[in-house]
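The values are calculated or read from the model by the stated rules, or taken from the named source; none is laboratory data. Just so we're clear, the structure is a prediction, and the values are computed from it rather than from any experiment. Quick reminder, even Gly has a Cβ in these numbers, built from the backbone with ideal geometry, and neighbours come from all protein chains shown. Calculation scope for accessible area: heavy atoms of the full protein, side chains included, ligands and nucleic acids excluded. Shrake-Rupley method; radii C 1.70, N 1.55, O 1.52, S 1.80 Å.
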Amino acid sequence: MGLSLFAYLVLGITGSMLFFKRNYGHRQRPWLQPVHYITGWVMVILVLLLLMIGIVGTLGHYGSLGHSEHIVAGLSAVALVLLSASSSTQISQKQPWARSVHVGTNIALLLGFTWVSISGWQVVQKYLP
Ligand code: HEM
Ligand code: HEM
């Protein structure tokens with residue numbers, strides 16, 4: 001989860017630089033887009049991994065899912081990350097709406113990650129001594 005949050009921070013910074021480059025003609029940095037894209041897909045993989053660990057762990061422990069609001073928080077975070085990544089593939093001059101969907105989703109993702117971290121911390125308490 002720490003790595004996912006770090007990836008989100010890197011994406012926020014590089015994404016803002018992409019925004020300023022596009023809107024205020026800031027200096028082109030050849031590494032900026034590749035760093036944003038690669039960090040983006042790494043975050044997708046990390047969040048899908050967390051989902052898998054959560055589901056396998058819960059099924060292993062209870063034999064069923066849906067034992068706390070954490071499942072809603074987890075699935076919401078995954079849905080937002082997948083919408084962020086898929087909307088990014090649609091970003092082009094012809095489809096300016098995709099950029100707004102991308103940025104809007106990423107703002108909502110800050111709330112999504114906050115909720116899944118707090119609810120995750122709450123459910124993990126019962127496993128701690
Ligand atoms: C989930 C994986 C992600 C992928 C694959 C991705 C990919 C992209 C792509 C392809 C662009 C268009 C770049 C261009 O204009 O040439 C973009 C723009 C941007 N991304 Fe992401 N991104 C991801 C996640 C994020 C996240 C989590 C944030 C913020 C925390 C973010 C913030 C931005 C911003 C601010 C822009 C610039 C929008 C503009 O120019 O107005 N991205 N991203
Ligand atoms: C994006 C990040 C995360 C996703 C997508 C995610 C997803 C899930 C899902 C879907 C479950 C099954 C819940 C159920 O069926 O009731 C689960 C269980 C669990 N998760 Fe997460 N989780 C994430 C982050 C975290 C974090 C940060 C923590 C701890 C700090 C955590 C701790 C747990 C624990 C302890 C369980 C077992 C639930 C129980 O015993 O009731 N998760 N997770």
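Report the extension gain between Ser117 and Ser68 in nm, rounded to one decimal, defined as 0.36 nm multiplied by the number of residues separating them, less their alpha carbon distance. All intermediate terms of the calculation are to be shown ahead of the outcome.
On the way: separation 49, 0.36 × 49 = 17.64 nm, distance 1.32 nm.
That works out to 16.3 nm of additional length.
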### Message
Please return the longest range in the chain lying between exposed loop sites, taking trypsin sites (Lys or Arg not before Pro), DSSP loop only, at most 15 other beta-carbon atoms within 10 Å, and leaving the sites out.
### Response
28-93
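Nearest 20 debye, what's the magnitude of the dipole of the chain about its Cα centre given +1 on Lys and Arg Cβ and -1 on Asp and Glu Cβ? Intermediate values should be presented prior to the final figure.
Details: 7 positive and 1 negative charges, 118 e Å.
For this selection, approximately 560 debye.
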### Query
Å³ per residue of the Cα convex hull, for the range 56-129?
88 Å³
### Query
At a probe size of 1.4 Å, how large is the accessible area of Met1, to the nearest 10 Å²?
80 Å²
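Calculated from DSSP H runs of 4 or more alone, at -39500 (n - 2.57) each and per residue, what is the 222 nm mean residue ellipticity of the chain, nearest 500? Could the numbers behind the result be given before it?
Working: 4 runs with 102 residues, N = 129.
Calculated from helices alone, the mean residue ellipticity at 222 nm is -28000 deg cm²/dmol.
What length, rounded to one decimal in nm, is gained on full extension from Leu82 through to His26, with 0.36 nm per residue of separation minus their alpha-carbon distance? Spell out each step's value before the answer.
Numbers: separation 56, 0.36 × 56 = 20.16 nm, distance 2.91 nm.
Computed gain between Leu82 and His26 is 17.2 nm.
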### Query
Going 7 Å from the Cα of Ala108 in the Cα-to-Cβ direction, what parts of the range 63-82 have a backbone nitrogen less than 18 Å from that spot?
71-82
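So what's the chain giving for Rg/Rh, alpha carbon basis, Kirkwood Rh from the mean inverse pair distance? Before the final figure, lay out each step's value.
Values: Rg = 16.9 Å, Rh = 16.0 Å.
We get a ratio of 1.06 for the chain.
Starting from the eigenvalues of the Cα gyration tensor, five times each then square-rooted, give me the equivalent ellipsoid semi-axes of the range 19-79, largest first, whole Å. Mind showing how you got there, number by number?
Details: eigenvalues 294, 32, 5 Å².
Equivalent ellipsoid semi-axes, largest first: 38, 13, 5 Å.
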### Query
Sorted by accessible area (1.4 Å probe), largest first, how do Leu65, Leu9 line up?
Leu9, Leu65
### Task
On the protein heavy atoms, probe 1.4 angstrom, tell me the percent of accessible surface of the range 26-98 carried by carbon and sulfur.
70 percent
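Give me the 1.4 Å probe accessible area per residue for the range 2-123, excluding ligands and nucleic acids, in Å².
Details: 7690 Å² over 122 residues.
Value returned for the range 2-123: 63 Å² of accessible area per residue.
Hey, what did the range 6-129 get for relative contact order, percent, Cα under 8 Å, at least 6 apart?
Numbers: 82 pairs, mean separation 25.6, N = 124.
RCO, the range 6-129: 21 percent.
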